[in-house]
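Here the structure is laid out as structure tokens; the discussion comes afterwards.
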2 protein chains.
Amino acid sequence: MSSPSGHRGPPSRRRQSGRATIGAVAQAAGVSRATVSRVMNGLPTVDPELVERVRAAAAALGYEPDGTAQSLALGRTGVVGIIVPDLGNPVFQAVLRGLSSAAGDRDYRVLIADSHERAEEEPILAREIRRRSDGLVLCAPRMPDEVLRQVATVRTPVVLLNRRLDGLGVPTVSVDHAHGMRAIAGHLAGLGHRRVAYLSGPANSAANRVRLATLRTAGTGRFALHQVAGGAHFEDGHDAVERILATGATAVVGYNDLVAYGALARLAELGRSVPGEVSVTGFDDIPFARYANPSLTTVAIPLEELGRQAWNRLWAHLAGEEPSPDVQFAPELVVRHSTGPAPVAR
Amino acid sequence: MSSPSGHRGPPSRRRQSGRATIGAVAQAAGVSRATVSRVMNGLPTVDPELVERVRAAAAALGYEPDGTAQSLALGRTGVVGIIVPDLGNPVFQAVLRGLSSAAGDRDYRVLIADSHERAEEEPILAREIRRRSDGLVLCAPRMPDEVLRQVATVRTPVVLLNRRLDGLGVPTVSVDHAHGMRAIAGHLAGLGHRRVAYLSGPANSAANRVRLATLRTAGTGRFALHQVAGGAHFEDGHDAVERILATGATAVVGYNDLVAYGALARLAELGRSVPGEVSVTGFDDIPFARYANPSLTTVAIPLEELGRQAWNRLWAHLAGEEPSPDVQFAPELVVRHSTGPAPVAR
DNA sequence: TTGTAGGCGTTATCAA
DNA sequence: TTGATAACGCCTACAA
């Protein structure tokens, strides 16, 4: 209310309280600002004595170059952004980790925006992040194609994660979900399961559609498939177990590790043996999957590597190099202890 | 090598490829740059017709104000930074989530730096992040006091997380680990455990020192305490189980949930019943703790709330408000299913 | 209501 | 080797 523009932002106090500027240092050292700049950036073409004077003055004043001013002058920020739908999801945490780590190797930092699953916010966040960074990694599984097309059609480098968008030449790092799901189907069929429940993900999730469709196709003639409404979180899996058991399925295929984990927990509460009575599979291979009890059979997506590959493409663009070709990972099945032979007695 | 300054940075191409500027829009709309600025910021004192012209021109040119230039002119970036020792640790993930969420409510974004547990990097990262942001949240459990003092003694607002530093008036959000550990000691003693193993954390971790010392004190006269070397990760807990069992302890107190989780997994592999033969406790209450099998008895630190409180203090400083008093959370025991009465037979 | 002009802090060009 | 000086793109008194 106090702000004239109606913003809720804080007082935009210019003249940062007392922060020393390059001019102050120049004055104190008796040189020009240009020389201070050269010293601060370690350019070799400065008289050693002046270097010393400048260093001393800078130290005395506690001077540090202002990043914003540097960014403006240099035309680059040294920052890349990432938009994720849910920071609480281990999948995006891992991707973020990979991105942050790879970017850090080049002294780039990561600016982060969490859309909290509100797809309609994402275009806005994308604009905002782009204005503050040199490039953007977009994880927006639920964003409608047309919106995505708009967001991706900008001069700022953008890399799409786990989402294809043909036509425009937007670099993409994706995952062949079908490949992974076929492996799961084969694994379960081979174990003798004839009645399988798919614990589904969010209806508007592209990954969910692909995973379900693949499971249906791959299972045809091998097992009956029941679909049970789920979601993307623990609770969704936890709460779906009774409905799953009602189908008489001997194996449940979770949309992702999280729902599988939830199902596992509920099954334990109910005293059902896994995999003795029911087998359970996940998808993604989040770090906790191997520590489930029983450990979770799943499909391993190299999540951190996705983040790193996204960085590689961003970096190629920033450095003006040839754009790396799109990558698509074929995730492999990881058999652990949550799956076993179908129980013989029916 | 191609860069004169020895930097490994990318080409600092000034003149961002064709990006429209405020001047271009002004020219296209036949008004001054000041007017464009007013329109873009929604100032009401502009003739509706001009507003329309400017809007159209901006849209036609795909103009968007440059964030860096705005930051420089306004003297604020709209960004806060956070330094964490390990982005892979659920504890810091949760803190980050709380910070990001709270900051987002004020349209602030979060710039992140992961020190990968290398404490000596942290001062450097801190400087770098500060230059690009309006304030900094510091999670640096292993940083030496003297270094911390230097890092915290700057004009940029800093908030310390889970770390006290007396003398300077640096806002702090902390946790009373002793309070939580006393609760665990009481809980186990009450269940009849007379021989307890402490699965320790990193030796140079302040939290580890406090937790261990408290457990020792609180256990005196109630149970014998064995210390077993551990760490901060799954594997450390997993690999310590044999040594724990060798002590004959009937209860193991994990330094944190992660090591407790690892211990749980190993105990299951060995066919040991939890809590029938051995009870296990954690610390922190990370999201996965409740989904362990058996679910993990632990001490609940309001991790996201820590992040939010850190933001509150940063915001107070940014808004020039009265600095909120330091907070210290007294985390409470959460009894789940990994603890039970000590086995009678010895 | 609009435009002019100066400033934000830094880097880079070009003479000297 | 050093120093003026002009960008970088935007915001904002101040004047008209």
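The values are calculated or read from the model by the stated rules, or taken from the named source; none is laboratory data. These numbers were taken from a predicted model, which means no experiment stands behind them. No Cβ is skipped: glycine too gets one built from the backbone with ideal geometry, and neighbour counts run over all protein chains shown. Ligands, DNA and RNA are stripped out before the accessible areas are found, and what is left, the full protein with its side chains, is counted by its heavy atoms. Shrake-Rupley method; radii C 1.70, N 1.55, O 1.52, S 1.80 Å.
Answer with yes or no whether A:Arg97 is within 7 Å of chain B (Cβ to nearest Cβ), part of a helix (DSSP H, G or I) and without any contact (Cβ under 8 Å) to a residue 40 or more places away in the chain.
So A:Arg97 fails the test.
Anything in region A:34-68 that is within 11 Å of chain B (Cβ to nearest Cβ), at negative phi and assigned to a loop (DSSP other than H, G, I, E, B)? List them, or say none.
Across region A:34-68, the qualifying residues are A:Asn41, A:Leu43, A:Pro44, A:Thr45, A:Glu64, A:Pro65, A:Asp66.
Out of everything in region B:317-334 that is more than 10 Å from every other protein chain (Cβ to nearest Cβ) and without any contact (Cβ under 8 Å) to a residue 60 or more places away in the chain, what residue ends up being least open to solvent (accessible area, probe 1.4 Å)?
Ranking the candidates gives B:Val334 first.
If you take the residues in region B:238-249 that are closer than 14 Å to B:Ser279 by Cα and crowded, with 23+ Cβ neighbours inside 10 Å, which one is nearest to the other protein chains (Cβ to nearest Cβ)?
B:Val241
Is it the case, given these coordinates, that A:Arg132 is basic (Lys, Arg), within 13 Å of another protein chain (Cβ to nearest Cβ) and surrounded by fewer than 22 Cβ atoms within 10 Å (Cβ to Cβ)?
Considered against the rule, which asks whether it is basic (Lys, Arg), within 13 Å of another protein chain (Cβ to nearest Cβ) and surrounded by fewer than 22 Cβ atoms within 10 Å (Cβ to Cβ), A:Arg132 comes out as no.
Answer yes if at least one residue in region A:114-123 is away from DNA strand C (no atom under 16 Å from the Cβ), within 16 Å of the chain's Cα centre (by Cα), within 11 Å of chain B (Cβ to nearest Cβ) and crowded, with 22+ Cβ neighbours inside 10 Å, and no otherwise.
yes
Within region A:71-81, is there a residue that is more than 10 Å from every other protein chain (Cβ to nearest Cβ) and either in contact with a strand residue (DSSP E or B) (Cβ under 6 Å, 6 or more places away or on another chain) or of a type in the set (Val, Ile, Thr) (or both)?
Looking for residues that are more than 10 Å from every other protein chain (Cβ to nearest Cβ) and either in contact with a strand residue (DSSP E or B) (Cβ under 6 Å, 6 or more places away or on another chain) or of a type in the set (Val, Ile, Thr) (or both), one finds at least one in region A:71-81, hence yes.
With respect to the numbered conditions (1) within 16 Å of DNA strand D (Cβ to nearest atom); (2) touching a residue at least 40 places away in the same chain (Cβ under 8 Å); (3) closer than 21 Å to A:Thr77 by Cα, which one is the sole condition not fulfilled by B:Leu72?
(2)
Quick check: is even one residue across region B:73-81 within 19 Å of the chain's Cα centre (by Cα), open to solvent by 10 Å² or more (accessible area, probe 1.4 Å) and among the polar types (S, T, N, Q)?
There is no residue in region B:73-81 that is within 19 Å of the chain's Cα centre (by Cα), open to solvent by 10 Å² or more (accessible area, probe 1.4 Å) and among the polar types (S, T, N, Q).
Can you pull out the residues in region A:255-265 that are of a type outside the set (A, V, I, L, M, F, W, C) and facing chain B (nearest Cβ under 10 Å)?
A:Tyr261, A:Gly262, listed by residue number.
Do you know which residues across region B:263-292 are β-branched (Val, Ile, Thr) and either in a helix (DSSP H, G or I) or under 17 Å from B:Ala240 (Cα atoms) (or both)?
Within region B:263-292, B:Val274, B:Val278, B:Val280, B:Thr281 meet the criteria.
Residue check: is A:Thr45 open to solvent by less than 50 Å² (accessible area, probe 1.4 Å), more than 30 Å from A:Leu138 (Cβ to Cβ), over 17 Å from the mean Cα position of the chain (by Cα) and near DNA strand D (Cβ under 9 Å from one of its atoms)?
It is false that A:Thr45 is open to solvent by less than 50 Å² (accessible area, probe 1.4 Å), more than 30 Å from A:Leu138 (Cβ to Cβ), over 17 Å from the mean Cα position of the chain (by Cα) and near DNA strand D (Cβ under 9 Å from one of its atoms).
Are any residues in region A:293-316 assigned to a helix (DSSP H, G or I) and open to solvent by 40 Å² or more (accessible area, probe 1.4 Å), and if so, which ones?
Scanning region A:293-316 gives A:Glu304, A:Glu305, A:Arg308, A:Asn312.
In the set A:Arg8, A:Arg106, A:Arg19, A:Arg14, which member is modelled with pLDDT of 95 or more and outside any strand (DSSP E or B)?
Answer to the selection: A:Arg106.
Name the single residue that is nearest to B:Arg106 (Cα to Cα) among those in region B:335-346 being open to solvent by less than 60 Å² (accessible area, probe 1.4 Å), more than 14 Å from chain A (Cβ to nearest Cβ) and not polar (S, T, N, Q).
B:Gly340
Among the numbered criteria (1) at the interface with chain B (Cβ under 10 Å from one of its Cβ atoms); (2) among the hydrophobic types (A, V, I, L, M, F, W, C); (3) part of a helix (DSSP H, G or I); (4) open to solvent by less than 20 Å² (accessible area, probe 1.4 Å), which one does A:Leu111 miss?
Unmet for A:Leu111, out of (1) at the interface with chain B (Cβ under 10 Å from one of its Cβ atoms); (2) among the hydrophobic types (A, V, I, L, M, F, W, C); (3) part of a helix (DSSP H, G or I); (4) open to solvent by less than 20 Å² (accessible area, probe 1.4 Å): (3).
Any residue at all in region A:51-60 that is open to solvent by 40 Å² or more (accessible area, probe 1.4 Å) and under 41 Å from the mean Cα position of the chain (by Cα)?
Yes, some residue in region A:51-60 is open to solvent by 40 Å² or more (accessible area, probe 1.4 Å) and under 41 Å from the mean Cα position of the chain (by Cα).
Could you check, for region A:141-150, whether at least one of its residues is within 12 Å of chain B (Cβ to nearest Cβ) and open to solvent by less than 10 Å² (accessible area, probe 1.4 Å)?
no
Which is within 11 Å of DNA strand C (Cβ to nearest atom) and either of a type outside the set (A, V, I, L, M, F, W, C) or out of contact with any helix residue (DSSP H, G or I) (no Cβ under 6 Å at 6 or more places or on another chain) (or both), of A:Asp66, A:Asp86?
Being within 11 Å of DNA strand C (Cβ to nearest atom) and either of a type outside the set (A, V, I, L, M, F, W, C) or out of contact with any helix residue (DSSP H, G or I) (no Cβ under 6 Å at 6 or more places or on another chain) (or both) holds for just one of A:Asp66, A:Asp86, which is A:Asp66.
Checking the structure you have, find out if any residue of region A:209-221 is surrounded by fewer than 17 Cβ atoms within 10 Å (Cβ to Cβ) and within 22 Å of the chain's Cα centre (by Cα).
yes
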